[in-house]
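Since every read-out is calculated from the coordinates, none of them should be taken as a lab result. Computed from a prediction, not measured in an experiment: that's the story for all the values here. Every residue, glycine as well, gets a Cβ built from its backbone with ideal geometry; the counts of neighbours run over all protein chains shown.
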Amino acid sequence: MADLTTKLLGMTLAHPIMPAAGPPVRDGDALLACAAGGASALVTKTISVKAADVPAPNMADFKTYFLNTELWSELPPEQWLEVEYAKAQQAGLPMIIGLGYTADDIAALAPQVAPFADAIELSTHYIGDDPGPMQAAIRAAKVAGVPVLVKMSPFREPQPAALAAQEAGADAIVAVNSFGPAFGVDIEHGGKLWMGGKGYGWMSGPALKPIALRMVYDIAQVVDIPIIGVGGISKGSDVVEFLMAGASAVQVCTAAITKGPGIFGKLAQQLDRWLDKHDYDSVADIQGLALKQPVPAMTQPPILLPERCTGCNQCVISCVYGALYLVDKKIHIHEERCAKCGLCISRCPVDALHPPA
Ligand SMILES: Cc1cc2nc3c(=O)[nH]c(=O)nc-3n(C[C@H](O)[C@H](O)[C@H](O)COP(=O)(O)O)c2cc1C
């Protein structure tokens, strides 16, 4: 068994996988279910000074992506303070309390949640791309005397925002929130819209993963504080990818909705098996590996390992340059036709094509 222990902001976690703010952590009971499902820490649904008035319908699943128009918690802060946080504390796990949004909101909420909080997570979703309001919110949260995590929405330029957060005193970055606005039409029901509210929503789930990974990878190159990766994680290998891209831990929302709160323990098991199979001893061994790799410049065709080839033809079909072909169900290449695009390497399900050295 690999060592999954994860140290984060003074907390020692059994593994790096925790819930993200959303329906799976919508109240104390839901948080206890996440703990029972194997989460290593609890992140609570974002609350603000008033309960949110959430439109309905507000969630739809399309397998490769997910749309939602949820806002923050529909429960008033008083209920969280009087009932829900104390209930969640029964799990005995570190608690990261989600708060939003403006500096005034945070100044009112942070001291009140402090007795329950091992850390505070600030959502920046509704305060725009200007770093000023985010920095003011961070400074307001620091008054609570616990580490402050700042959750980024997917930006085109994450590095300046992450640096501004660090400068204002953020102790960690969480990347990313859902992406959008995004839209979908229910074609089987006369073109009805899937989402209430404005009719469009925010995208999460597997399609968000490459955007989130890019944010983590970019941010990790400029900040000295830990990063928690979130976006599209649904299997152990996704966790590996985030850790290699520079994350120290990860959060999961959509997969915890669609697969239930048992996902946290399952992901930890899958992560453990992946590490064992690849001869890594611990999560620390893979953390940030991609940051040490040069950006590839492919000057040679891929290396073929015909002994692994099963003749599935996936690479041949998609080789738009006509460079790959099968003989007796084994892969061959017309080297002179290969454009070194690299696609075949990612398409091969049995690792029979390797990047050149
Ligand atoms: C239905 C729903 C509600 C969400 N509510 C919140 C929220 O209250 N606060 C927040 O910071 N992020 C919220 N998120 C964003 C998630 O925490 C997460 O950042 C995003 O969905 C990407 O992760 P995923 O692909 O694992 O879902 C919500 C996401 C969904 C799908």
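For the reader, a short list of remarks on this structure follows.
- Shape class of segment 63-154 from the alpha-carbon gyration tensor: oblate, with a/c at 1.5 or above and b/c at least as large as a/b.
- Estimated at 0.36 nm per residue, the fully extended path between ASP186 and ALA86 surpasses their Cα-Cα distance by 31.9 nm.
- Dividing the summed helix terms, -39500 (n - 2.57) for each DSSP H run of n ≥ 4, by the number of residues in the chain produces a 222 nm estimate of -8000 deg cm²/dmol to the nearest 500.
- Dipole magnitude of the chain about its Cα centre (Cβ charges: Lys, Arg +1; Asp, Glu -1), debye to nearest 20: 800
- Its Cα gyration tensor gives segment 1-64 an equivalent ellipsoid. The semi-axes, each the square root of 5 times an eigenvalue, are 27, 16, 11 Å from largest down.
- Distance (nanometres) between label positions extended 7 Å along Cα→Cβ at ASP53 and ALA36: 3.5
- Out-of-range pairs (alpha-carbon distance over 21 Å; input LYS198/LYS235; LYS235/LYS277; LYS45/LYS192; LYS151/LYS259; LYS7/LYS151; LYS45/LYS87): LYS198/LYS235; LYS45/LYS192; LYS151/LYS259
- Backbone N under 19 Å from the ASP29 label point (7 Å along Cα→Cβ), restricted to segment 72-95: 73-92
- Peptides 27-37, 42-52, 226-236 ranked from most to least packed, by the mean per-residue count of other Cβ atoms within 10 Å: 226-236, 42-52, 27-37.
- Unit charges at the beta carbon, dipole of segment 52-168: most positive-side option, VAL143, ALA60, GLN112: VAL143
- Sequence-distant residues sharing a close amide H with LEU13 (under 5 Å, placed H): THR6, LYS7, LEU8
- Eligible lysines near LYS329 by straight Cα distance, threshold 27 Å, same-chain separation 8 or greater: LYS340
- Whichever aspartates and glutamates have a C-alpha closer than 15 Å to that of LYS63, once near sequence neighbours (fewer than 8 apart) are set aside: ASP186
- Modelled this way, with points 7 Å down the Cα-to-C-beta line, the labels at MET1 and GLN293 are 3.0 nm from one another.
- Taking Lys and Arg as +1 and Asp and Glu as -1, the other residues whose beta-carbon sits under 13 Å from that of GLU121 total 0.
- Two-site label geometry, HIS278 and TYR325: point separation in nm, points 7 Å out along Cα→Cβ: 3.6
- Rounded Å value of the spacing that divides the Cα centres of segment 144-167 and segment 217-259: 15
- Whole-number percent relative contact order across the chain, with pairs defined as alpha carbons under 8 Å at least 6 apart: 17
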